[in-house]
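Taking it in order: structure first as structure tokens, then the write-up.
Read-outs throughout are calculated quantities, based only on the coordinates presented, and are distinct from any laboratory measurement. Every value quoted in this text rests on a predicted model; they were computed, and no experiment measured them. Note: ideal-geometry Cβ built from the backbone for every residue, glycine included; neighbour counts use all protein chains shown.
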Amino acid sequence: MIPIASPIIEDDEIREVVKVLRSGFLAQGPKVEEFEKAFADYTNSEYAVATSSGTTALHVALSAAGVGKGDEVITTPFSFAATANAALYVGARPVFVDIDPLTYNIDPERIEDAITEDTKAIIVVHLYGQPAEMNHIIDIGEDHGLIVIEDAAQAHGALYHKKKVGSLGDIGCFSFYPTKNITTGEGGMITTDDEDIAHLARMIRSHGESERYEHVILGYNFRMTDIAAAIGIVQLKKLDKFNSKRIENAKYLTENLKDFEHITTPYVMDDVKHVFHQYTVRVENREKWIEHFKREGIGTGVYYPKPIYRQPLYEDLGLGVSCPEAEKASGEVLSLPVHPSLGVEELDRIIDAVENFQI
Ligand SMILES: Cc1ncc(COP(=O)(O)O)c(C=O)c1O
């Protein structure tokens, strides 16, 4: 079976974890600090603050930016639920804006219509590893005094007009879940150039402490462990190599699949580096395709089968809206394996399977 995702953990990650285990420093310590410095450098950000997951990074980011009860947060309905859940955690209301059907990212043209006097922030997602249209979104943020947060959980190392994602908006949030472009097991990271936000984020992730046992604001235990950070430091050094392989694999798939009538290959914007967290095509009769790939020993994924506002939680909260492009995409998208462990032989099997498909 060719899996849809496969984390690459080698001897050097294992060695570094063993060192931490022997050091006795298991929770947040010097390795977390080292990982934060390396990640800030990599993303060209002034500050990086490590967290326990991508979800807690988003939660901390909104809290540190002062978003709370009664505020509205504009975001995309076509993402993992964590993106919008973060608004709920801080008592804010997620407001969903439809996507661009080519990139699957929030459509900047539709954002201004959704702004009200309660709007405080925009969370954009760089879905599947392709940056959102940031220049337009940052302009809107500046015109309306809104905080722009990048959910870069799927886009480590992606470039928008030569700039790293995570350094474009006011705050960037990353995830190191095992399927992501790099992993720490579980883990997350906040990036920002704003000293106050970084300072608040550090406090919020650790019980709101200004110093040991001095709890100034309400915080949580959202810390990363040194065990996770040790893996992250090694993985970060390999990120560009992993991404190059993903891009090479995606190019090979597109070259060989673009002429098939029943499959629409991914669109890549000009002047971006799309890091292909997912290689996502559009198809009709998706269930039939999934069954076919399964028979051929090829894993697939559907990211995501419904817009977030169609989740029962969101319907119960009365947050259901209608975003036709997100609805259409959620019925048609299908992700095929593209991860860096794949070689030409596996990619050819995927291409052959498309060729063999009977409508
Ligand atoms: C777009 C997006 N946002 C947020 C998250 C949450 O990250 P985590 O699973 O590390 O909490 C994920 C990943 O699962 C994601 O894909």
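From the square roots a ≥ b ≥ c of the eigenvalues of the alpha-carbon gyration tensor of the chain, which class results: rounded (a/c under 1.5), prolate (a/b over b/c), or oblate?
oblate
Between residue 116 and residue 26, what is the label-to-label distance in nm when each label sits 7 Å out along the Cα-to-Cβ direction?
4.8
To the nearest 0.05, how large is the calculated FRET efficiency for residue 346 and residue 302 if R₀ is 22 Å and r is the Cβ-Cβ distance?
0.60
In what sequence do 279, 104, 177 fall when counting other Cβ within 10 Å, fewest first? Mind showing how you got there, number by number?
Values: 279 24, 104 27, 177 20.
If I rank by nearby Cβ atoms, fewest first, I get 177, 279, 104.
Percent relative contact order of the stretch 239-356, based on C-alpha pairs within less than 8 angstrom and at least six residues apart?
With pairs under 8 Å counted, the relative contact order is 36 percent.
Treating cross-link reach as a plain straight distance, find the lysines whose alpha-carbon is under 27 Å from the alpha-carbon of residue 238, omitting any fewer than eight places away in the same chain.
Hits, sequence-local ones excluded: 19, 31, 37, 162, 163, 164, 180, 251, 273.
At 222 nm, what helix-only mean residue ellipticity would the chain give, in deg cm²/dmol to the nearest 500, using -39500 (n - 2.57) for each DSSP H run of four or more? Kindly include the intermediate steps, with their values, before the conclusion.
Numbers: 11 runs with 136 residues, N = 359.
Counting only the DSSP helices, I get -12000 deg cm²/dmol.
Test of the criteria: in the stretch 95-198, which GluC sites (Glu not before Pro) are in a DSSP loop and have at most 15 other Cβ atoms within 10 angstrom of their Cβ? List each step's numbers first, then the result.
Numbers: sites: 109, 112, 117, 133, 142, 150, 186, 195; in loops: 117, 133, 186.
Within the stretch 95-198, the qualifying GluC sites (Glu not before Pro) (loop, at most 15 other Cβ atoms within 10 Å) are 117.
Normalising by the residue count of the chain, find the relative contact order in percent from Cα pairs under 8 Å and 6+ residues apart.
Across the chain, relative contact order equals 23 percent.
Count the net charge of all other residues whose Cβ sits under 12 Å from the Cβ of residue 98, scoring Lys and Arg as +1 and Asp and Glu as -1.
Every neighbour counted, the sum reads -4.
Straight distance only, please: which aspartates and glutamates reach the Cα of residue 294 with their own Cα at less than 20 Å, same-chain residues fewer than 8 apart left out?
Those aspartates and glutamates meeting the cut-off are 284, 332, 345, 346, 348, 352, 355.
Looking only at trypsin sites (Lys or Arg not before Pro) in DSSP loops with at most 12 other Cβ atoms within 10 Å, what is the longest site-free stretch of the chain?
No qualifying site falls inside 259-359, the longest such stretch.
Please identify the helices of the chain, taking whole runs of DSSP H, that span at least 30 Å along their own axis as judged from the Cα atoms and have a mean Kyte-Doolittle score of -1.0 or higher.
Going by DSSP H runs, the hits are 226-257.
Is the C-alpha gyration tensor of the stretch 154-299 telling us rounded, prolate or oblate? Criteria: a/c under 1.5 is rounded; beyond that, a/b larger than b/c is prolate, otherwise oblate. Provide the component values of the computation, followed by the final result.
Details: a/c = 2.62, a/b = 2.10, b/c = 1.25.
Since a/c reaches 1.5 and a/b is larger than b/c, the shape of the stretch 154-299 is classed as prolate.
Just rank 72, 355, fewest to most, by other beta-carbon atoms within 10 angstrom. Write out the running numbers ahead of the final one.
Values: 72 20, 355 10.
Lowest to highest Cβ neighbour count: 355, 72.
Hey, what's the per residue convex hull volume over the C-alpha atoms of the stretch 239-356, in cubic angstrom?
So the per-residue hull volume is 139 Å³.
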